[in-house]
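Following: one structure in structure tokens, then a few remarks.
Any read-out appearing in this document is the output of simple, stated calculations on the displayed coordinates, not a laboratory observation. Small disclaimer: the values here were computed from a predicted structure and weren't measured. Note: ideal-geometry Cβ built from the backbone for every residue, glycine included; neighbour counts use all protein chains shown.
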Amino acid sequence: METTAGAMSGVRVVDLTSVFMGPWATQMLGDLGADVIKVEAPDGDCTRSIGPCGEANLGPLFLGLNRNKRSIVLDLKRPAGREALLRLVEDADVLAYNIRPQSMERLGLDYDTLARINPRLVYVGMFGFSQRGRYAPQGAYDDLIQAATAVPEVVGMAGEGAPRYVPLTIADRSVGTYAFGVICAALFARERSGVGQRVDVPMFETMVSHVLGDHLYGETFVPAKGSFGYPRLLSAQRRPYRTSDGYACCVIYTDHQWHAFLRVVGKEDLYHSDPRLKSIATRTAYVNELYSMVSDEIASRTTHEWRVVLGEADIPFFKLHTLESLLDDPHLKEIGFFRETDHPAVGRIREIAMPSEWRGGTERKHRHAPGLGENSREILRETGYAEAEIDSLMSSGASCEPASVPPATAEHNVS
């Protein structure tokens, strides 16, 4: 197969992000070939120490968010550490950060300062709130943004229970994914204009657009023509259906799917006689009753039986996975979605593939998630520091490196 360089090959990213949102965005850039230089404080990204192998600063969350990056330690509160960062910025395409802009200003790393050094720099901040409103100075985490954007209320409404958070870092990963797209768009704009720019990606506003995109509903109109909340999503019956031997999902949504389902269960006459089934509008209005009817029918047969008959009827159906069974999914096995590799510091690990598929073929480089400061010395050399200068940075605490660097962490080709 013909291969091409990664789509982001040749792009250098100075990555000041940590925890979830920012590292998720920059890992996607690295997966596509960008040279992502992860700049860490001397104590490192806090996710390094979470979970198994956290004592080695390579816990599972860190491993899953920081492959295809190089790590350099710089104490940005020290003049020498800040100076090293400024020298990195000179040849960078992107600077990404997810601390509050006020902190960047205190460090002398605001956009205006860096743009004078490198006018082509794309300077992207991922943080809690737009800097044009009263919430601007506030910090934010996933749970806080979920609460601020009514996600727990919506979950509670759908489950007829108390508000609760979605048990995923849904805000961090959603906003990080959006930031990835924004960074790519800003680089494209720079190719046309020749100059970079500052782009802010606030979590609050991004997630408000997600939530109200579904649930503004009747309040879309002025005056309102109904209440908040898309009824189908809020239905207490919108959940995996219990079969006679497990759980499964089937989606009966269109006219064709409802007609086909009722034919399968021997109630085709209802399609023409029941006014609740007249259109998608009436089905939405009576969604609880109709989903309850489907639930009663699904309980009468095994999961395998439903897979066969609903598949023949062209109705989307899937057995409910557990986290354990997901790892054993035959489709994911066929496409090699999970890959086991040997990390030189922590041994055998399982990695999740980049989900996009490039039909022209790609030659991808692969780096294991780096140890803290693993690449400090090589990055400083690339930036123009002499060995004596690097030694001085190390001895002063402005930078550091591990006592020993495993040789196997260098990049290698993967299929």
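A simple charge model with +1 on the Cβ of Lys and Arg, -1 on the Cβ of Asp and Glu and nothing else charged puts the dipole of the stretch 241-319 at about 160 debye relative to its Cα centre. Look at the dipole of the chain built from charges on Cβ: of Val294, Leu65, Tyr241, the Cα furthest out on the positive end belongs to Val294.
Estimate the FRET efficiency between His256 and Glu389 by the formula 1/(1 + (r/R0)^6), using the beta-carbon distance for r and 56 Å for R0, to the nearest 0.05. With a Förster radius of 56 Å, E is 0.20. Using θ = phi - 60° in the Karplus curve 6.51 cos²θ - 1.76 cosθ + 1.60, the 3J(HN,Hα) couplings for the stretch 252-259 round to 10, 10, 7, 4, 4, 5, 5, 4 Hz; x is entered for Gly and Pro. Put simply, the amide H of Gly196, placed in the peptide plane, has neighbours under 5 Å in Arg120, Leu121, leaving out anything fewer than 5 places away on its chain.
Taking other Cβ atoms within 10 Å as a rough exposure proxy, Arg134, Arg198 sort from fewest to most as Arg134, Arg198. Beyond 19 Å, the tail of the calculated P(r) for the stretch 10-144 holds 51 percent of the Cα pairs. Placing a pseudo-label 7 Å from each Cα along the Cα-to-Cβ vector at Arg239 and Tyr271 gives an inter-label distance of 3.0 nm. Derived from the Cα gyration tensor, the three semi-axes of the equivalent ellipsoid of the stretch 56-213 are 31, 19, 16 Å, largest first. Among Ser227, Cys250, Thr284, pick out the residue whose Cα is farthest towards the positive end of the charge dipole of the stretch 163-305, where Lys and Arg carry +1 and Asp and Glu carry -1 on C-beta, about the Cα centre. Most positive-ward Cα: Ser227. Computed with the Debye formula from one identical point scatterer per Cα of the stretch 241-319, without solvent, the log10 of I(q)/I(0) at q = 0.13, 0.20, 0.23, 0.25 Å⁻¹ comes to -0.35, -0.85, -1.11, -1.28.
Seen against the Cα atoms of the chain and their longest principal axis, helix 170-193 is set at about 60 degrees. Ellipticity at 222 nm from helices only: DSSP H runs of n ≥ 4 in the chain, each -39500 (n - 2.57), divided by the residue count, give -11000 deg cm²/dmol. Pairs with C-alpha atoms separated by more than 26 Å, drawn from the list Lys267/Lys319; Lys38/Lys77; Lys225/Lys319, are Lys225/Lys319. Dipole magnitude for the chain: about 700 debye, using +1 per Lys or Arg Cβ and -1 per Asp or Glu Cβ, origin at the Cα centre. Angle of helix 287-298 to the longest C-alpha principal axis of the chain, folded into 0 to 90 degrees and rounded to 10: 80°.
Since only Gly10, Val208, Ala403 are under comparison, the one whose Cα sits farthest along the positive direction of the charge dipole of the chain, derived from C-beta charges on Lys, Arg, Asp and Glu, is Val208. Between the exposed loop cleavage positions of the chain, defined as GluC sites (Glu not before Pro) in a non-H, G, I, E, B DSSP state with at most 11 neighbouring beta-carbon atoms within 10 angstrom, the longest gap is 161-356. Taken over the Cα atoms of the chain, the convex hull encloses 188 Å³ per residue.
Taking the C-alpha atoms only, the angle from helix 387-396 to the longest principal axis of the chain is near 70 degrees.
Given their separation in residues at 0.36 nm each and the Cα-Cα distance between them, Leu327 and Glu340 gain 3.5 nm when the chain is fully extended.
Taking Cα centre as origin and charging only the Cβ of basic (Lys, Arg, +1) and acidic (Asp, Glu, -1) residues, the dipole magnitude of the stretch 1-154 rounds to 360 debye.
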